[in-house]
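The values are calculated or read from the model by the stated rules, or taken from the named source; none is laboratory data. These numbers come from a predicted model, not from an experiment. Every residue, glycine as well, gets a Cβ built from its backbone with ideal geometry; the counts of neighbours run over all protein chains shown.
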Amino acid sequence: MNITLRQLRAFCDVAQTGSFTQAARRMNLTQSAVSMLVRQLETDIGLALFDRVKRKVQLTETGRQLLPTAERILGELREVIEGAAELRALRRGTLRLAVPQMLACSWLPPVMSRYRALYPDVALKMIDTTADRVIETVQQGEAEIGIGPERPTPEDVQADLLWQEKMQCVCAAGSPLAKRKRLDWKDVADAEWILYSDAFSGHLERTVWSGLSVQLRRTTQVRYLPTALALVGHGMGVTAAPAYAAPFGRLFGAAFIDIANPVVLRSFQFFSKKGYELSPAAAAFRLLAGQKTADSSRV
C-alpha cells in the first residue's frame, strides 16, 4: 500500500465539494487527474469511497467514516508545514545554549539583547555552567550549541573559532602591582597563584611557564573564576583572566593589568555536534555571535 497525500487531498476535496470538477479547481488539476487519484486511493485501501450515480458524487458509508481521519491527517500536515515556516522565519523555536558563568554575565548579555530584539519569539534555554562542562553539555544533548574557551574536543563535537581574548594579570587593587600599567610574566612568577581550572593551568604552563622555565612555588586551586577574583581581591594571590572579565574587577576589589612577554591569547570557540544540522535559532545565533566578536576588536 502506497497512499499519497495527493490522494488524500483529492478524496477530501471531492467529499467537501461534492464534485470532481470543483475539487479539480481547488487542486489546480484536471478532472480526470482528480478522478484517477481517488480511484488509486480506493484501489489501495480496497474499498469504495464514493457512489457515482447519475453524475452525482456521494460518499459511501466507508467514505463517511474515513473522511474525518483523512481531514485530520491533512490538517496535521498543514501544521507541520506552517510550523516549519515559522521555525525558518524564527517566529518560534528555542535556542538551547551552554556557556560558562562568567561569560554568561559579561560577553553574552549584549549579544542576547540584540538577538532578542531581532527574534522576539524565540525562547532561550541557557545552561550557565563551568567552562570545563560546556562541551560535555553539548555532547550529551542538554544544549544544542556552546560557547567557551578552547578545549580538547571529542570526535563527535565540532569546535569553530569565534574570537581570541587577551589574558590579563589580576591582582588586589591595593597591591603595588596594581599601580603598574603593564607587567611581564616574570614579575609575577614568584607570587602565590590562584588557579581556577585544570585547563587554565595547562594553558599557562604551555604558553608561559615552560618558556620561562618557571615552576610556580605556591598555588591555590579553586573551581570558578569569580571565586578566584574574590580571593585575589582579599590579597591572597594573583591570577590571570580574559580581558572580558575586567568589568568585575571593581566588584571584587581586583585590578586587571596588561601582561606581556609573552602576550597570551585565549581562544573562544563555538561548539556543536559534528554532522548535525543547526536549528534556525542556533544558526542565527552563530551568525550574530560571529558579528559581535568581529566588531569587538578584542586582540
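Annotations for the structure displayed:
- Those residues of segment 57-78 which are among the β-branched types (Val, Ile, Thr) and part of a helix (DSSP H, G or I), in sequence order: THR62, THR69, ILE73
- Of the residues THR137, THR153, THR130, the single one that is surrounded by 14 or more Cβ atoms within 10 Å (Cβ to Cβ), free of Cβ contacts under 8 Å to residues at least 40 places away in the same chain and of a type outside the set (Lys, Arg) is THR137.
- Residue check for LEU59: without any contact (Cβ under 8 Å) to a residue 60 or more places away in the chain, surrounded by 12 or more Cβ atoms within 10 Å (Cβ to Cβ) and outside the structural domain of GLY18 (by TED's automatic domain parsing): no
- Residues in segment 64-78 include none that are more than 30 Å from PRO242 (Cα to Cα), in contact with a strand residue (DSSP E or B) (Cβ under 9 Å, 6 or more places away or on another chain) and of a type in the set (Asp, Glu).
- Beta carbons closer than 6 Å, at least 6 apart along the sequence or on distinct chains, pair a first residue in segment 7-29 that is at positive phi and assigned by TED's automatic domain parsing to the domain that holds THR69 with a second that is crowded, with 16+ Cβ neighbours inside 10 Å and not in a helix (DSSP H, G or I) for GLY18/VAL57.
- In segment 1-28, the residues that are surrounded by 13 or more Cβ atoms within 10 Å (Cβ to Cβ) and not in a helix (DSSP H, G or I): ILE3, GLY18, SER19
- Scanning segment 55-89 for residues that are hydrophobic (A, V, I, L, M, F, W, C) and touching a Phe, Trp or Tyr at 6+ places or on another chain (Cβ under 7 Å) yields VAL57, LEU59, ALA70.
- Criterion violated by ALA255 - all others in (1) modelled with pLDDT of 95 or more; (2) more than 26 Å from TRP107 (Cα to Cα) satisfied: (2)
- Looking only at residues of segment 86-129 that are outside any strand (DSSP E or B) and either among the acidic types (Asp, Glu) or touching a Ser or Thr at 6+ places or on another chain (Cβ under 8 Å) (or both), we find that the one that is nearest to ALA246 (Cα to Cα) is GLN101.
- If you check GLU150, GLU144, GLU205 for being of a type in the set (D, E, K, R), assigned by TED's automatic domain parsing to the domain that holds MET102 and at pLDDT 95 or above, only one passes: GLU144.
- Elements of the type strands (runs of 3 or more DSSP E) sitting completely within segment 214-282 and holding at least 2 residues that are under 16 Å from ALA191 (Cβ atoms) and over 24 Å from the mean Cα position of the chain (by Cα): these cover 219-221, 239-242, 254-260.
- Residues considered: ASP190, ASP160. Of these, the only one that is of a type in the set (D, E, K, R) and not in a loop (DSSP other than H, G, I, E, B) is ASP160.
- Restricted to segment 32-56, and to residues there that are free of Cβ contacts under 8 Å to residues at least 12 places away in the same chain and in a helix (DSSP H, G or I), the residue that is farthest from ALA10 (Cα to Cα) is THR43.
- Some residue of segment 199-221 being out of contact with any Leu (no Cβ under 7 Å at 6 or more places or on another chain), touching a residue at least 60 places away in the same chain (Cβ under 8 Å), of a type in the set (Asp, Glu) and within 29 Å of GLN269 (Cα to Cα): no
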